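For reference, the structure is listed below as structure tokens.
The values are calculated or read from the model by the stated rules, or taken from the named source; none is laboratory data. Note that the structure is a prediction, hence the values are computed from the model and not measured. Cβ atoms come from the backbone with ideal geometry, glycine included; neighbour counts cover every protein chain shown. Side chains included, ligands, DNA and RNA excluded: accessible areas come from the protein's heavy atoms. Shrake-Rupley method; radii C 1.70, N 1.55, O 1.52, S 1.80 Å.
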Amino acid sequence: MVIASSKVYFCQMLIRSYTKEFKYNWKLAAPVMLGMLGHTFVSFVDNIMVGQLGTADLAAVSLGNSFMFIAMSIGIGFSTAITPLIAEADTANDFLKGKSAFKHGLFLCTLLGVLLFFLVFIAKPLMYMMKQPVEVVELAIPYLDLVAVSLIPLIIFQGFKQFSDGLSMTKDPMYATIIANILNVVLNYLLIFGKFGFPAMGIVGAAYGTLISRIIMVWYLWYLLKGKAKSKAFVTHIKFFVLDKMMLKKIINLGTPSAMQMFFEVAIFTAAIWLSGLLGKNPQAANQIALNLSSMTFMVAMGLSVASMIRVGNQKGLNAFIELRRIAFSLFLMGLLFAIFFATFFFLFHKQLPKIYVDYDDSKNLIDNIEVVSIASKLLIAAAIFQISDSIQVIVLGALRGLQDVKIPTIITFISYWLIGFPISWFLGKESAYGSFGIWLGLLAGLSTAAILLYIRFNYLTKKLILSNS
């Protein structure tokens, strides 16, 4: 009885040691969550507005964005190399090291943005080779032409954002994203439907809105950072072409595996879009709805992942590995609680949520819209189930990036998503098997495998660091 009471007391104390970190975790993560949700909200608004035009237009945006998601994953993943370097330099009060990391990271992000734009631009003929519906491809190509250009300001913005996050200044990127979102909504309304004398441009209007809002977003974040005492010296008087090969190499060595990690995950979701396209335009539109909704909940986990990267990077700079482990576990617990909430929400409203995206008053497309909602509601059940594994894997991955451990996690993500998840999606996603729901069962398998293996890696590394420094 005494032993049982002691165990209960120990568990209570352990949980309290985690929950007391929630307030500061939230302070760091909330602005990042809102900023990341802002990026997803742009897609959310595009989907709802474009969905009023018909299921073919919605499927076209889905197909065009599938190429964008792959390019964005590489750019955003690469830019995360900046955050732990800045966080470590900030804790050590090493301004020169911090400015060097920012300058070289921004330089590489700019180059990468231009390269990704070029690759997406020349990849358009692949749409015809992927056996996607012809009417969808013809709508998607002009949309993709413009959205591809927006990759350049987006990846530059990520360079500034990751630097700002590394200094624990997570609110400024949020403000810039909010401004961009408001502008995007207004431009979408004007240009998609042709309001107040503007031409009705359909999905091309949505692309113009995205491009203009992202350019404004970069400028506004730079303006905010220039006005803050803590960041002004970093973002002004940058000798952009005076480069250090060692720092370039360090960021490339950190950024490339991080880019591959995000690429492997985003690419399997993109593959789900393409596999859905093989089933027809309605399954593809339904997949886009479920993907857009689950992406918004994922951004909450991404906010905690960034907070994990910052806080672990800070503790690494102090060589405080016991504290590092405790703080990381507090973030894992927060992520788990959020995931349970979102899973419950998707379960309860899986039939109602997809109806937001289509117009039931549109008699011409009513049959298509009913089918899209029916498929999407089933996919949200799968999305509900993988909320927990998706949350855990991305937050643990953030902690590993804070430790600057990137090579083994890259192998883990490849195995999880492409040797386990994708084959299941391919096999179960055929029309003769489970169709769209089978595709998402593969996503669930990949995310669950990644969550387990990444956690094992973090647990092993932190115990090893604690033992070696005791």
Original post:
Counting only residues that are touching a helix residue (DSSP H, G or I) at 6+ places or on another chain (Cβ under 7 Å), β-branched (Val, Ile, Thr) and either open to solvent by 30 Å² or more (accessible area, probe 1.4 Å) or in a loop (DSSP other than H, G, I, E, B) (or both), how many does region 178-193 have?
Top reply: 3
Subject >> Tally, over region 281-323, of residues that are within 30 Å of MET127 (Cα to Cα) and touching a Gly at 6+ places or on another chain (Cβ under 6 Å) >> reply: 1
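Yes or no: ASP46 buried (at least 23 other Cβ atoms within 10 Å of the Cβ), at pLDDT below 70 and part of a helix (DSSP H, G or I)? Break it down stepwise before answering.
Details: buried (at least 23 other Cβ atoms within 10 Å of the Cβ): yes; at pLDDT below 70: yes; part of a helix (DSSP H, G or I): yes.
Answer is yes for this residue.
Residues checked against (1) in a helix (DSSP H, G or I); (2) at pLDDT 95 or above; (3) in contact with a Lys or Arg (Cβ under 6 Å, 6 or more places away or on another chain):
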site	(1), (2), (3)
PHE347	yes, no, no
LYS355	yes, no, no
ASP361	no, no, no
LEU366	yes, no, no
SER374	yes, no, no
SER377	yes, no, yes
ALA384	yes, no, no
Original post:
How many residues does region 404-421 contain that are open to solvent by less than 50 Å² (accessible area, probe 1.4 Å) and more than 19 Å from the chain's Cα centre (by Cα)?
Top reply: 2
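What about SER73, is it hydroxyl-bearing (Ser, Thr, Tyr), at pLDDT 70 or above, under 23 Å from THR256 (Cβ atoms) and surrounded by fewer than 24 Cβ atoms within 10 Å (Cβ to Cβ)? Break it down stepwise before answering.
Numbers: hydroxyl-bearing (Ser, Thr, Tyr): yes; at pLDDT 70 or above: yes; under 23 Å from THR256 (Cβ atoms): yes; surrounded by fewer than 24 Cβ atoms within 10 Å (Cβ to Cβ): yes.
Yes: the conditions hold for SER73.
Identify, from the list SER470, SER416, SER436, SER425, the residue that is in a helix (DSSP H, G or I), at pLDDT below 90, among the hydroxyl-bearing types (Ser, Thr, Tyr) and at negative phi.
Details: SER470 fails: in a helix (DSSP H, G or I); SER416 fails: at pLDDT below 90; SER425 fails: at pLDDT below 90.
Checking each option against the conditions leaves just SER436.
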Subject >> Cβ pairs under 8 Å, 6+ apart, first in region 118-137 and on the phi > 0 side of the Ramachandran plot, second open to solvent by 80 Å² or more (accessible area, probe 1.4 Å) >> reply: LYS131/LEU278
Original post:
In region 392-403, what residues are in a helix (DSSP H, G or I), out of contact with any Ser or Thr (no Cβ under 7 Å at 6 or more places or on another chain) and open to solvent by 10 Å² or more (accessible area, probe 1.4 Å)?
Top reply: ILE392
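Taking the conditions exactly as written (under 25 Å from THR177 (Cα atoms), without any contact (Cβ under 8 Å) to a residue 60 or more places away in the chain and within 19 Å of the chain's Cα centre (by Cα)), does PHE338 satisfy them or not?
yes
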